[in-house]
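The values are calculated or read from the model by the stated rules, or taken from the named source; none is laboratory data. Only a predicted model underlies this, so the values are computations on that prediction, with no experimental measurement involved. Backbone-built Cβ (ideal geometry, glycine too); neighbour counts: all protein chains shown. We work out accessible area using only protein heavy atoms, side chains counted, and drop any ligands, DNA or RNA first. Shrake-Rupley method; radii C 1.70, N 1.55, O 1.52, S 1.80 Å.
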Amino acid sequence: MGYEQALGGPVTDAYILGGVRTPFGRYGGALSHLRTDDLLGQTMVAACERVGVPLDQVEDITAGCVNTAHEGMGDIGRWAALAAGFPDSVPAVTINRFCASSLSGAINLAHAIRSGELGVGVAAGVESMSRSGWALMKGDAPFSPRGPILLLDTMWAGAGGPPNPLLLARNAYVEMIKTAQNVADRYQLTREEIDAFALRSHTRAAAARDSGRFALEIHPVQVPGTRKEPGRLIENDEAIRGDTTAESLAALSAQPNTTQMTAGNSSGLNDGSSAVVLASGAAAASLGITPMARVVASATHALDPEYMGIAPAFAMSKALSRAGLAPAEIDIWEVHEAFSAQALGVLRELPNQLDGFEVPDERLNPNGGAVAIGHPFGASGTRYVLTLATELRLRHARYGILGVCVGSGQGVALIIENLE
């Protein structure tokens, strides 16, 4: 028996069939009154309906969510699926790799498909930063004595508990906005170029919204009425500001513990959900569905948490090497914009990892990025997968790559191929 036979035969391809995302709402905005599990569940159902996959044909679900300290109660993927009408037989798991949670879930499904253990899966993600809860922390002993109780804002703690003294000592829990300042200092970025990148993001995102480009991937959300307001249909991202100017960005003050990071050149606090359907070639054929894209390769990387933002540069380089592709063969580069300075840091580091190759501006984030669109932590990864697959199809381009930075000093990258 040959080695390939011993492993169960040749590797099969994993395909992206399509998907949807909600509009991304502002903190306390239009989506803040929707239960987080309902927001996720309706998006997963809409994704299956969009591509034509019956719910009972889904064999597994991965759901990215950073903060489950709300209605999700732990495994929000499973609860959301049940609440939305998926059959009891459809399993689900919730994944937390911070900003790359749903992207990691999509990659996990692709691995299962490529190994022959899965036919159809849904990768999704959700975050309602508006609905993140507060938690009362217990002491070290099972029954702690009465006394002061730590009340933790779970949105800032990533639904975690009290900090570990060992990690505190090495500043591993550094604020994300401070890591962006660290990156800016490391690459000697000026405030002007940081703000210019933010302006680029808003300008391109506004153009994508106004032209109907984002409507191709957005599934509108019906928000129920209240005593003061009637019900309404939310169709557009709330954070995009087409009227942003260099002057308005320059007028903003730097945030605490930084010298260049502002509310204008950072991604906001957002609510939203996204979902994509993945399948093997055989499963797609049996369902009569033509896939949008093929999963080519993926990679992860980790480094010092104080320089969290630049890890995607290393992960993208690894993914390109695994795919056997030259950087010049990539038609679209989606670089996550947790902060403008962080994205610029990735762009400064990429030439060091890619033998001097610099990403052409016309191939970079053609529809803007998270600085303008928003960044609901768990939802961003599969939003990028959907946005990239859609853009490749519209441009009749072949290869696209995306890279997402991760709090704690990680990066995740994925390469996909347009099948047209």
Failed item in (1) in contact with a helix residue (DSSP H, G or I) (Cβ under 8 Å, 6 or more places away or on another chain); (2) more than 26 Å from Ala397 (Cβ to Cβ), with His301 passing the rest
(2)
Would you confirm whether or not segment 319-330 contains a residue that is in contact with a Phe, Trp or Tyr (Cβ under 9 Å, 6 or more places away or on another chain) and within 23 Å of His202 (Cα to Cα)?
no
Quick one: Val296 ticks every box in (1) surrounded by 24 or more Cβ atoms within 10 Å (Cβ to Cβ); (2) more than 30 Å from Asn257 (Cα to Cα) except a single one, so which number is it?
(1)
Within segment 268-280, is even one residue open to solvent by 10 Å² or more (accessible area, probe 1.4 Å), at pLDDT 95 or above and not in a strand (DSSP E or B)?
no
Test set (1) touching a residue at least 60 places away in the same chain (Cβ under 8 Å); (2) aliphatic (A, V, I, L, M); (3) more than 30 Å from Asn96 (Cα to Cα) - Ala196 fails condition number:
(1)
If you go through Thr154, Thr203, Thr179, the only one that is hydroxyl-bearing (Ser, Thr, Tyr), closer than 26 Å to Arg393 by Cα and either touching an Asp or Glu at 6+ places or on another chain (Cβ under 9 Å) or buried (at least 16 other Cβ atoms within 10 Å of the Cβ) (or both) is Thr203
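Working carefully through the options Arg78, Arg50, find the one that is open to solvent by 20 Å² or more (accessible area, probe 1.4 Å), charged (D, E, K, R), in contact with a strand residue (DSSP E or B) (Cβ under 8 Å, 6 or more places away or on another chain) and farther than 19 Å from Pro291 by Cα.
On the way: Arg50 fails: farther than 19 Å from Pro291 by Cα.
It is Arg78.
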When segment 281-299 is examined, which residues are found to be part of a strand (DSSP E or B) and of a type in the set (A, V, I, L, M, F, W, C)?
Ala293, Val295, Val296, Ala297, Ala299
Which of the residues spanning segment 321-355 are in contact with a helix residue (DSSP H, G or I) (Cβ under 6 Å, 6 or more places away or on another chain) and among the aliphatic types (A, V, I, L, M)?
Ile332, Val335, Ala341, Leu344, Val346, Leu350, Leu354
Out of segment 88-120, which residues are closer than 21 Å to Leu17 by Cα, surrounded by fewer than 24 Cβ atoms within 10 Å (Cβ to Cβ) and not hydrophobic (A, V, I, L, M, F, W, C)?
Pro91, Asn108, His111, Arg114, Ser115, Gly116, Glu117, Gly119
Given the conditions (1) under 29 Å from Thr36 (Cα atoms); (2) out of contact with any Asp or Glu (no Cβ under 8 Å at 6 or more places or on another chain); (3) open to solvent by 10 Å² or more (accessible area, probe 1.4 Å); (4) at pLDDT 95 or above, which single one is not true for Arg241?
(4)
How many of the residues making up segment 182-193 are in contact (Cβ under 8 Å) with a residue 12 or more places away in the chain, open to solvent by 40 Å² or more (accessible area, probe 1.4 Å) and under 25 Å from Ser408 (Cβ atoms)?
1
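Hey, does segment 75-86 have a residue that's out of contact with any helix residue (DSSP H, G or I) (no Cβ under 7 Å at 6 or more places or on another chain) and among the charged types (D, E, K, R)?
There is at least one residue in segment 75-86 that is out of contact with any helix residue (DSSP H, G or I) (no Cβ under 7 Å at 6 or more places or on another chain) and among the charged types (D, E, K, R).
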Being surrounded by 15 or more Cβ atoms within 10 Å (Cβ to Cβ) and out of contact with any strand residue (DSSP E or B) (no Cβ under 7 Å at 6 or more places or on another chain) is the filter; apply it to segment 128-145 and report the residue that is modelled with the highest pLDDT.
Arg131
Count, please, the residues in segment 356-397 that happen to be out of contact with any helix residue (DSSP H, G or I) (no Cβ under 7 Å at 6 or more places or on another chain) and over 26 Å from Asp243 (Cα atoms).
9
In segment 37-64, how many are assigned to a helix (DSSP H, G or I) and closer than 23 Å to Leu216 by Cα?
15
